[in-house]
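These notes concern the structure reproduced below.
The values are calculated or read from the model by the stated rules, or taken from the named source; none is laboratory data. All values reported here derive from a predicted model rather than from experimental measurement. Cβ placement follows ideal geometry from the backbone for every residue including glycine, while neighbour counts extend to all protein chains displayed.
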Amino acid sequence: MKALAIDSSNYVMGVAVIEEGKVLGELITNLKKNHSVRLMPAIEEIMEEVSVKPSELDRIVVANGPGSYTGVRIGVSIAKTLAWSLGIPLVGVSSLEVLAQNGKYFQGGIVPFFDARRGQVYTGLYKKEKNGLATYKKDQIIMIEEWVEELKQTEMEYLFISNDLELHKEVIVDILGDQALFASVTDHNARPAELAFLGLNREPDTSVHAFTPNYIRLAEAEAKWLASQKK
Amino acid sequence: MSDKHDEIILAIETSCDETAVAVVKNGREVLSNVVASQIESHKRFGGVVPEIASRHHVEQMTLILEEALKEASITMDEVDAIAVTEGPGLVGALLVGVNTAKALAFAHQKPLVGVHHIAGHIYANQLIKELEYPLLALVVSGGHTELVLMEAEGEYQVIGETRDDAAGEAYDKVARTLKLPYPGGPHIDKLAQEGSPTIDLPRAWLEPGSYDFSFSGLKSAVINTVHNAAQRGETIEPEDLAASFQASVIDVLVEKTVRAAKEHNVKQVVLAGGVAANKGLRKELEERFKDLSADLLIPPLQLCTDNAAMIGAAGSIAYRKGKRSDLKLNANPGLILQ
Ligand SMILES: [Zn+2]
């Protein structure tokens, strides 16, 4: 069983090829550069490097958001097309859940997040259980203060994982004090190999055609339109 | 059986609000041409919302691909090359098509060819009749008003373009002034058939000899006419206003096209782009070209509006000329036709 994992949902771009019990290779960058130009060449490069042909793949796994709308769409467009045209299953995994894996040996609450501008973050709460991490609080978009206040409700220690840590660290420390711990700089890039194994152990989506990104948010125009309909 | 292998192009177009895939044989024969329009979704907003267009493209893309291949009874193995619109257009929308095409090219090890959207509109005509050069194309759509001279196959020279609004844009704005539903172009065309061009509106000829266009003055004149009439408590028949506006647009378009056709001694004049569906424009062009030596080509309606068969037709030319794109191909919203 060989799987290709693709993550272009945020500035971190990652691709990995795995087979059962083994990571054949992964490629990760953390750059503010165009995923549309770089993602397919990265896929080609890693596949060539590990000598796996597209036709030898058994599964495609993609980080399906949240994150940059455009970034998520590039990854999902490529993943859907590969899965459909190769006739293999597609599995989508939360981009936050992938990042949370970097704290998988931590005993408290694991809090991955991506900055979502204007004081907001995309985030969720994950905890270690017998068979890996479990979702304690679903992925959402929320004001950082509100989120940290919510976490403060328990005495637990929290591990924050994010390349956007510096933007929000002050607020987190202010509210949580010693309850807040921070992952080290080498742990902030989501790892595509983690994504691949999450996807390998999960039921594939029943329909590749119906697969959609999880943007978490409606498009602005759509949200406004819905609000106007309710009046 | 012919000893020559048929060339099969799979084409993808997502530059605006249509998710389209087509299979084209030998650059001329449409084996399938599937278009999923999002217009019903965008009507709510009175225009195309880029983020929503991009989201729809992701939802539709593989479905439309499957449908196009099925309808053409073609498998990916039989495809010789994949053509895709790389620009111009909405960047987020283009990205879906471009990355889909790249993934397909990689998965099946097929050559990839990036195509200019306007080249597609021009080559839609090749699906009807063999094009002959030199040729002049009048390209009119929501985003474009251009006169393109082609001395040879696949060689484009823009000899005139709009300095402000595209003709289609002016149509949409005037339609809004007349409170017509989106998209406005077809509604104005229809209204115009019922009225007469009795209102005096300007025609922007620009400096002598210029093939450029300008529609913003005309658009303002229409808005002022409506505004002034309302202030004086007079009523203007919308049919007459539509007819007058349309007459002004068509006058300039047709006159400059005729002049360019004569000057460059072209064999064919082809109409291209969504506004090519306009009845008034078709009629006037047919009228004027009756007595001219150049042959006038106007594609059928379903090939005027955005579709992927036209990208397949233009892609076939580029493919045969040896053009290849690699996996770094990007969406280019400001791509220049050359
Ligand atoms: Zn077009």
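Does segment B:134-149 contain any residue that is within 14 Å of chain A (Cβ to nearest Cβ), more than 16 Å from the ligand (Cβ to nearest atom), within 20 Å of B:G27 (Cβ to Cβ) and outside any loop (DSSP other than H, G, I, E, B)? Within segment B:134-149 (the criterion being within 14 Å of chain A (Cβ to nearest Cβ), more than 16 Å from the ligand (Cβ to nearest atom), within 20 Å of B:G27 (Cβ to Cβ) and outside any loop (DSSP other than H, G, I, E, B)), the answer is no, since none of the residues qualifies.
Give me a count of the residues in segment B:29-49 that are more than 9 Å from every other protein chain (Cβ to nearest Cβ) and either in contact with a helix residue (DSSP H, G or I) (Cβ under 6 Å, 6 or more places away or on another chain) or under 18 Å from B:A105 (Cα atoms) (or both). Matching residues across segment B:29-49 total 8. Taking the criterion of being farther than 22 Å from B:V34 by Cβ, within 14 Å of chain A (Cβ to nearest Cβ), part of a loop (DSSP other than H, G, I, E, B) and not charged (D, E, K, R), the residues of segment B:306-334 that qualify are B:L327, B:L329, B:N330, B:N332, B:P333. Of the candidates B:V91, B:V79, the single residue that is surrounded by fewer than 24 Cβ atoms within 10 Å (Cβ to Cβ), more than 13 Å from B:A314 (Cβ to Cβ) and within 16 Å of the ligand (Cβ to nearest atom) is B:V91.
Residues in segment A:204-218 that are polar (S, T, N, Q) and at the interface with another protein chain (Cβ under 7 Å from one of its Cβ atoms): A:T212 alone.
How many residues does segment A:82-100 hold that are part of a strand (DSSP E or B) and over 10 Å from the mean Cα position of the chain (by Cα)?
Final tally of qualifying residues: 2.
Comparison of B:L296, B:L303, B:L285 shows that the only residue that is within 14 Å of the ligand (Cβ to nearest atom), touching a Leu at 6+ places or on another chain (Cβ under 9 Å) and either polar (S, T, N, Q) or away from chain A (no Cβ under 14 Å) (or both) is B:L303. As for segment B:122-132, it holds no residue that is closer than 17 Å to B:A314 by Cβ, within 14 Å of another protein chain (Cβ to nearest Cβ) and either within 16 Å of the ligand (Cβ to nearest atom) or touching a strand residue (DSSP E or B) at 6+ places or on another chain (Cβ under 9 Å) (or both). Does B:R282 qualify as being surrounded by fewer than 22 Cβ atoms within 10 Å (Cβ to Cβ) and either within 30 Å of B:T100 (Cα to Cα) or more than 15 Å from the chain's Cα centre (by Cα) (or both)? The answer is no for B:R282.
For segment B:275-286, check the following and say yes or no: at least one residue is without any contact (Cβ under 8 Å) to a residue 12 or more places away in the chain and either outside any helix (DSSP H, G or I) or in the same structural domain as B:S248 (by TED's automatic domain parsing) (or both).
Scanning segment B:275-286, I find at least one residue that is without any contact (Cβ under 8 Å) to a residue 12 or more places away in the chain and either outside any helix (DSSP H, G or I) or in the same structural domain as B:S248 (by TED's automatic domain parsing) (or both), so the answer is yes.
If you go through segment A:145-153 one residue at a time, do you hit one that is under 24 Å from A:N64 (Cβ atoms) and among the acidic types (D, E)? No, the conditions are met nowhere in segment A:145-153.
Taking the stated definitions as given, is B:A36 within 16 Å of the ligand (Cβ to nearest atom), in a helix (DSSP H, G or I), more than 14 Å from B:G312 (Cβ to Cβ) and in contact with a Ser or Thr (Cβ under 9 Å, 6 or more places away or on another chain)? Criteria not met by B:A36.
When segment A:81-110 is filtered for residues that are more than 14 Å from chain B (Cβ to nearest Cβ) and among the hydrophobic types (A, V, I, L, M, F, W, C), the ones remaining, listed by number, are A:V91, A:V93, A:L96, A:V98, A:L99, A:A100, A:F106, A:I110. Is it the case that some residue within segment B:14-24 is facing another protein chain (nearest Cβ under 10 Å) and either within 30 Å of B:D172 (Cα to Cα) or small (G, A, S) (or both)? Looking for residues that are facing another protein chain (nearest Cβ under 10 Å) and either within 30 Å of B:D172 (Cα to Cα) or small (G, A, S) (or both), one finds at least one in segment B:14-24, hence yes.
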